[in-house]
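Chemist: Below is the structure I would like to discuss, written out as structure tokens.
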Amino acid sequence: MNLLSVEKPARYMGGEMGSVRTDEADVRFALAFPDVYEVGMSHLGLRILYHILNGAAGIVAERVFAPWPDMEALMREAATPLATLETASPLSACDIIGFTLQYELSYTNILNMLSLGGIPLLAEERNEQMPLIIAGGPCAFNPEPLAPFFDAVLLGDGEEAVLDIAGAVRTAKQNGESRACLLERLAAIEGVYIPSFFAPQYAPDGTLLAIKALEPSYTSVRRRFLADLDTAPYPDSPVVPFMKTIHDRVAVEIARGCTRGCRFCQAGYLYRPLRERSPETILNLVDASLKATGYDEISLLSLSTGDYSCVTSLVTELMARYAEDRIAVSLPSLRVGSLTGELIEEIKKVRKTGFTLAPEAGSERMRRVINKGITEADLIAGAAAIYGAGWRLIKLYFMIGLPGETADDVAQIATLARQVKDQAKGGGVSGDVNVAVSTFVPKAHTPFQWEPQISMQETTDLQYQLHCDLKKRKLKFKWQDASLSFMEGVFARGDRRLAPLLMRAVELGCRFDGWREHFSLERWQRAFSDCAVDPEWYVRRRELDEVLPWDHLDCGVTREFLLAERERASAEAATKDCRDGSCSACGVCDFSMVKNRISGQMSLPPRPNVPRGEPVSARIRLRFSKTGAMRYLSHLELITVFTRAVSRAGVPILFSHGFHPHPRFSFGTATSVGVESNAEYMDMFVASGCSAREVQDRLNSVLPVGIRILEADAVDAKSPSISTLIDATRYRITFVDTCADELQKQCVRFMAHDSVVISRTKKGQTQTVDLRGETISLIADGMSVELVAKRGKPAEFARAIRGVEAFPDDGLHVEKLEVLFAPHS
């Protein structure tokens with residue numbers, strides 16, 4: 001399929017550095033992320049599973065993402081099925097399709113992806129030849145709205161379980177077993193839930209009466225636990241996208257789980273116990289990942305990075321190792337209580353964009369209710385230290401609609417935010433504060449799972465109150481649409497009766513519901529009406545003795561503990577952090593294999609400070625090709641490819657000076673997207689001593705298929721920019737729907753004109769170009785023309801020569817054959 005008609009072709013190209021293509025396999029496992037490529041490629045779980053599965057003999061993992069609406073329209077028009085990136089295998093040809101359940105508002109994308117793959121939506125309607133459809137992720141702990149669509153769901157950690165599942169499918173294939181036998185085999189795997197083995201029963205008032213187990217020995221499913229994170233496999237050579245993704249950096253998970261016990265936080269309960277990686281393992285992973293990817297930023301990930309037991313010494317060591325290489329270190333999840341002066345001093349050495357803190361509630365009372373464990377004094381002191389270290393922007397995250405919240409609690413959000421901003425005066429900076437407010441959504445397996453969610457009208461009223469209060473205090477305000485939070489709440493605590501609603505919503509065109517520009521409340525309201533579903537039913541208060549849709553799914557934390565925590569919330573009583581050994585009896589740990597695993601302190605020898613001298617520069621001029629799928633790369637994406645490649649290849653590139661240093665290379669004129677080329681040029685400044693041939697060989701060893709360095713020559717470091725030396729370009733333009741004689745006549749007519757002026761509009765500015773005046777020569781050759789021109793895009797010349805307004809996407813094939821330099825070069 002020609003990708004020129006879609007907004008971002010790099011989403012669909014495949015072939016990225018680090019991707020794995022294997023044509024033959026016992027089991028082909030499609031890792032399906034129900035959102036757009038740049039979101040899915042930032043997801044750590046997908047990277048981990050891709051690495052593990054592709055490291056197992058006979059198993060191949062491939063990726064597939066939700067196509068953006070422009071691509072979906074093309075696929076449906078051409079009847080092209082959704083396929084994997086690696087081998088373009090249709091989804092229906094895979095053995096397993098594993099969906100990530102990360103966010104409730106991606107559920108319609110799951111059904112749409114199955115539809116695009118030619119796979120019946122309902123599990124009961126799929127035949128024996130269809131793939132096994134499974135899911136995992138945080139939303140898997142209440143998968144009931146999706147239960148009729150899935151054959152199996154994995155609860156908990158996937159590193160070991162995913163190999164067990166793939167192994168079961170391989171065995172079933174080899175033995176010729178039926179789907180029913182395969183499901184029995186999967187049910188024996190710890191953490192695997194088979195929805196068809198349970199049947200919900202409803203009371204006349206609509207509440208759940210029971211969740212009946214259809215298999216006597218399979219009455220509940222307990223989540224899968226990864227005992228030791230430090231010894232678990234982790235990707236140190238991940239796929240490196242061509243395009244910018246949401247999190248475009250080396251990401252290393254330094255810990256899993258959290259012991260803080262914030263009562264609103266589902267992740268804090270689902271990922272217990274706390275398991276930390278050792279600093280030595282982290283340092284090794286960072287080193288290998290930087291070499292393999294060429295990234296210039298390291299992100300240390302966990303639910304609360306600042307709580308990592310030796311975070312300060314780890315950050316200090318990372319800064320000492322990589323600061324000279326201009327590699328930044330980011331800690332995306334810091335708690336106010338974990339901010340020490342020493343840690344702030346280390347963080348301040350890297351790029352300072354904004355510092356994010358999450359008080360969650362405006363009042364001291366509400367922070368006690370949710371067990372947040374930070375005081376107003378803590379927050380103010382932290383803000384003063386942050387501004388004092390040179391930051392100019394602090395981002396504050398709050399929630400509204402928390403259980404027991406009053407109008408005064410909400411009003412204190414603006415008061416507290418202004419107090420934070422006032423701390424900038426003491427730091428001698430003009431500080432800003434951005435306030436982001438989300439609506440609390442009660443989630444399964446938390447102490448607040450029984451609580452009601454506030455209505456859309458209540459949400460809108462509170463948001464308006466905050467808008468006014470924050471505007472008076474000169475603070476910026478961001479919020480989430482009330483309708484999005486409401487829909488999230490419906491599915492977060494939904495049951496199987498929502499499955500027909502999802503099917504109807506997809507029929508009505510619901511897609512990418514988590515994206516404001518694509519969400520349509522009107523479509524959802526029609527779906528609710530058509531399916532006779534009252535959405536308010538699902539956001540109501542639940543009775544404490546009520547059967548909940550997820551009661552047969554065991555996340556490890558007991559119901560008794562959740563009820564006790566709910567009581568403690570009402571009493572504004574704290575539950576202590578169990579990191580220090582004071583067990584709160586939540587039920588997760590067996591204190592043998594499943595237990596908190598805290599890393600020991602780092603013990604590293606002193607690092608000598610050896611300053612680097614300013615290297616002598618050498619200038620290398622490169623000619624390279626951009627063919628095949630690589631012709632769809634934009635100029636910015638091509639820059640990204642080379643930025644990563646010079647680092648991966650160990651080319652001693654020199655950097656610009658200033659606050660945001662960049663590699664010193666420059667390209668000739670940008671080639672239009674879709675044009676194949678054997679005449680791309682760039683100049684690269686490297687440390688002298690690295691020869692042009694060495695640069696060529698190193699880059700060719702890491703560049704993706706379709707980009708290759710064809711020539712490399714050393715040139716005078718003071719010579720003019722390469723773009724100023726280009727005089728003209730020679731192209732071959734091949735037409736699909738013409739005859740040679742007619743094309744010959746059209747070329748003669750074009751060249752007979754004194755001028756052929758066209759207009760372009762770019763960023764509101766209209767430009768004119770005389771294409772005939774820019775043309776040096778034009779020769780017809782069968783179905784093609786060879787054009788030598790100074791300025792102008794090949795497609796513009798093609799339209800002018802043929803006298804048409806536009807061509808079909810596959811109506812032209814353009815090749816850039818040669819660049820002609822000015823004689824003085």
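Chemist: Which of the following residues is within 40 Å of the chain's Cα centre (by Cα) and either at negative phi or not aromatic (Phe, Trp, Tyr) (or both): Gln765, Gln744?
Modeler: So the residue among Gln765, Gln744 that is within 40 Å of the chain's Cα centre (by Cα) and either at negative phi or not aromatic (Phe, Trp, Tyr) (or both) is Gln765.
Chemist: Quick one: in segment 626-659, of everything that is among the polar types (S, T, N, Q) and farther than 19 Å from Asn2 by Cα, which residue is surrounded by the fewest Cβ atoms within 10 Å (Cβ to Cβ)?
Modeler: Filtering segment 626-659 for residues that are among the polar types (S, T, N, Q) and farther than 19 Å from Asn2 by Cα, the one surrounded by the fewest Cβ atoms within 10 Å (Cβ to Cβ) comes out as Ser656.
Chemist: Restricting attention to segment 619-639, does a residue exist that is in contact with a strand residue (DSSP E or B) (Cβ under 7 Å, 6 or more places away or on another chain), in a helix (DSSP H, G or I) and within 22 Å of Thr734 (Cβ to Cβ)?
Modeler: Yes, there is a match, as at least one residue in segment 619-639 is in contact with a strand residue (DSSP E or B) (Cβ under 7 Å, 6 or more places away or on another chain), in a helix (DSSP H, G or I) and within 22 Å of Thr734 (Cβ to Cβ).
Chemist: Restricting attention to segment 714-723, and to residues there that are within 39 Å of the chain's Cα centre (by Cα) and surrounded by fewer than 17 Cβ atoms within 10 Å (Cβ to Cβ), which single residue is farthest from Gly811 (Cα to Cα)?
Modeler: If we take residues in segment 714-723 being within 39 Å of the chain's Cα centre (by Cα) and surrounded by fewer than 17 Cβ atoms within 10 Å (Cβ to Cβ), then Ser721 is farthest from Gly811 (Cα to Cα).
Chemist: For segment 342-361, state whether one or more residues are over 25 Å from the mean Cα position of the chain (by Cα), among the acidic types (Asp, Glu) and surrounded by fewer than 21 Cβ atoms within 10 Å (Cβ to Cβ).
Modeler: Scanning segment 342-361, I find at least one residue that is over 25 Å from the mean Cα position of the chain (by Cα), among the acidic types (Asp, Glu) and surrounded by fewer than 21 Cβ atoms within 10 Å (Cβ to Cβ), so the answer is yes.
Chemist: Also: Can you name the condition, by its number, that His467 falls short on among (1) surrounded by fewer than 19 Cβ atoms within 10 Å (Cβ to Cβ); (2) closer than 22 Å to Ser106 by Cα?
Modeler: Here His467 meets the rest and fails (2).
Chemist: Also, quick follow-up: Anything in segment 640-659 that is hydrophobic (A, V, I, L, M, F, W, C), under 13 Å from Val695 (Cβ atoms) and touching a strand residue (DSSP E or B) at 6+ places or on another chain (Cβ under 7 Å)? List them, or say none.
Modeler: Matches in segment 640-659: Phe642, Val646, Val651, Ile653, Leu654.
Chemist: Working carefully through the options Glu522, Glu543, Glu488, find the one that is modelled with pLDDT of 95 or more, of a type outside the set (Lys, Arg), open to solvent by 40 Å² or more (accessible area, probe 1.4 Å) and assigned to a helix (DSSP H, G or I).
Modeler: On the way: Glu543 fails: assigned to a helix (DSSP H, G or I); Glu488 fails: open to solvent by 40 Å² or more (accessible area, probe 1.4 Å).
Among Glu522, Glu543, Glu488, only Glu522 is modelled with pLDDT of 95 or more, of a type outside the set (Lys, Arg), open to solvent by 40 Å² or more (accessible area, probe 1.4 Å) and assigned to a helix (DSSP H, G or I).
Chemist: Which numbered condition trips up Tyr538, out of (1) under 28 Å from Phe440 (Cβ atoms); (2) out of contact with any Leu (no Cβ under 7 Å at 6 or more places or on another chain); (3) of a type outside the set (A, V, I, L, M, F, W, C); (4) open to solvent by 50 Å² or more (accessible area, probe 1.4 Å)?
Modeler: Exception for Tyr538: condition (4).
Chemist: Now, a different point. Just one of the numbered conditions (1) open to solvent by less than 40 Å² (accessible area, probe 1.4 Å); (2) in contact with a helix residue (DSSP H, G or I) (Cβ under 8 Å, 6 or more places away or on another chain); (3) outside any loop (DSSP other than H, G, I, E, B) is not true of Met399; which one?
Modeler: Tallying (1) open to solvent by less than 40 Å² (accessible area, probe 1.4 Å); (2) in contact with a helix residue (DSSP H, G or I) (Cβ under 8 Å, 6 or more places away or on another chain); (3) outside any loop (DSSP other than H, G, I, E, B), Met399 fails exactly one: (2).
Chemist: Hey, which of the helices (runs of 4 or more DSSP H) in segment 1-115, taking only ones fully inside, have at least 2 residues that are over 28 Å from Gly706 (Cα atoms)?
Modeler: In segment 1-115, 69-78 are the helices (runs of 4 or more DSSP H) which contain 2 or more residues that are over 28 Å from Gly706 (Cα atoms).
Chemist: Further question: If I filter segment 692-703 down to residues being in a helix (DSSP H, G or I) and not hydrophobic (A, V, I, L, M, F, W, C), which single residue comes out as most open to solvent (accessible area, probe 1.4 Å)?
Modeler: Arg693
Chemist: If you check every pair at least six apart or on different chains, which have Cβ atoms under 7 Å apart with a residue in segment 536-550 that is within 23 Å of Phe198 (Cβ to Cβ) first and a residue that is open to solvent by 70 Å² or more (accessible area, probe 1.4 Å) second?
Modeler: Val547/Leu209
Chemist: Kindly check whether there is at least one residue in segment 179-193 that is part of a strand (DSSP E or B) and either touching a residue at least 40 places away in the same chain (Cβ under 8 Å) or more than 25 Å from Val547 (Cα to Cα) (or both).
Modeler: Within segment 179-193, one or more residues are part of a strand (DSSP E or B) and either touching a residue at least 40 places away in the same chain (Cβ under 8 Å) or more than 25 Å from Val547 (Cα to Cα) (or both).
Chemist: Look at Cys510 and say whether it is more than 18 Å from Phe264 (Cβ to Cβ), open to solvent by 40 Å² or more (accessible area, probe 1.4 Å) and not aliphatic (A, V, I, L, M). Show your work before the answer.
Modeler: Working: more than 18 Å from Phe264 (Cβ to Cβ): yes; open to solvent by 40 Å² or more (accessible area, probe 1.4 Å): no; not aliphatic (A, V, I, L, M): yes.
Against the criterion (more than 18 Å from Phe264 (Cβ to Cβ), open to solvent by 40 Å² or more (accessible area, probe 1.4 Å) and not aliphatic (A, V, I, L, M)), Cys510 does not qualify.
Chemist: Within 23 Å of Glu346 (Cα to Cα), basic (Lys, Arg) and open to solvent by 20 Å² or more (accessible area, probe 1.4 Å) - does that describe any residue in segment 246-255?
Modeler: Yes - at least one qualifying residue is present in segment 246-255.
Chemist: Within the group Gly706, Gly674, Gly668, Gly689, which residue is loosely packed, with under 14 Cβ neighbours inside 10 Å and in contact (Cβ under 8 Å) with a residue 40 or more places away in the chain? Working first, answer last.
Modeler: Details: Gly706 fails: loosely packed, with under 14 Cβ neighbours inside 10 Å; Gly674 fails: loosely packed, with under 14 Cβ neighbours inside 10 Å; Gly668 fails: loosely packed, with under 14 Cβ neighbours inside 10 Å.
Matching residue, one of Gly706, Gly674, Gly668, Gly689: Gly689.
Chemist: Okay, moving on. What number of residues in segment 132-177 are assigned to a strand (DSSP E or B) and open to solvent by less than 10 Å² (accessible area, probe 1.4 Å)?
Modeler: The total comes to 5.
Chemist: In segment 299-333, what residues are assigned to a loop (DSSP other than H, G, I, E, B), within 19 Å of Arg277 (Cβ to Cβ) and open to solvent by 20 Å² or more (accessible area, probe 1.4 Å)? So that I can check it myself, show each step before the final result.
Modeler: Going residue by residue through segment 299-333, those that are assigned to a loop (DSSP other than H, G, I, E, B) are 302-304, 308-310, 326-327, 331-333.
If we keep only those that are within 19 Å of Arg277 (Cβ to Cβ) as well, we get 302-304, 308-310, 331-333.
The answer is Ser302, Leu303, Ser309, Leu331, Pro332, Ser333.
Chemist: Taking segment 423-450 as the region of interest, how many residues are open to solvent by less than 20 Å² (accessible area, probe 1.4 Å), part of a loop (DSSP other than H, G, I, E, B) and either closer than 13 Å to Phe264 by Cα or acidic (Asp, Glu) (or both)?
Modeler: So the count comes out to 10.
Chemist: Let me ask something additional. What's the number of the only condition in (1) within 30 Å of Ser529 (Cβ to Cβ); (2) modelled with pLDDT under 95; (3) of a type outside the set (Lys, Arg) that Trp479 fails to meet?
Modeler: (2)
The values are calculated or read from the model by the stated rules, or taken from the named source; none is laboratory data. Nothing here was measured: the structure is a model prediction, and the numbers come from that model. Virtual Cβ from ideal backbone geometry, glycine too; neighbours counted across all protein chains shown. These accessible areas exclude ligands, DNA and RNA; they are computed on the full protein's heavy atoms, side chains included. Shrake-Rupley method; radii C 1.70, N 1.55, O 1.52, S 1.80 Å.
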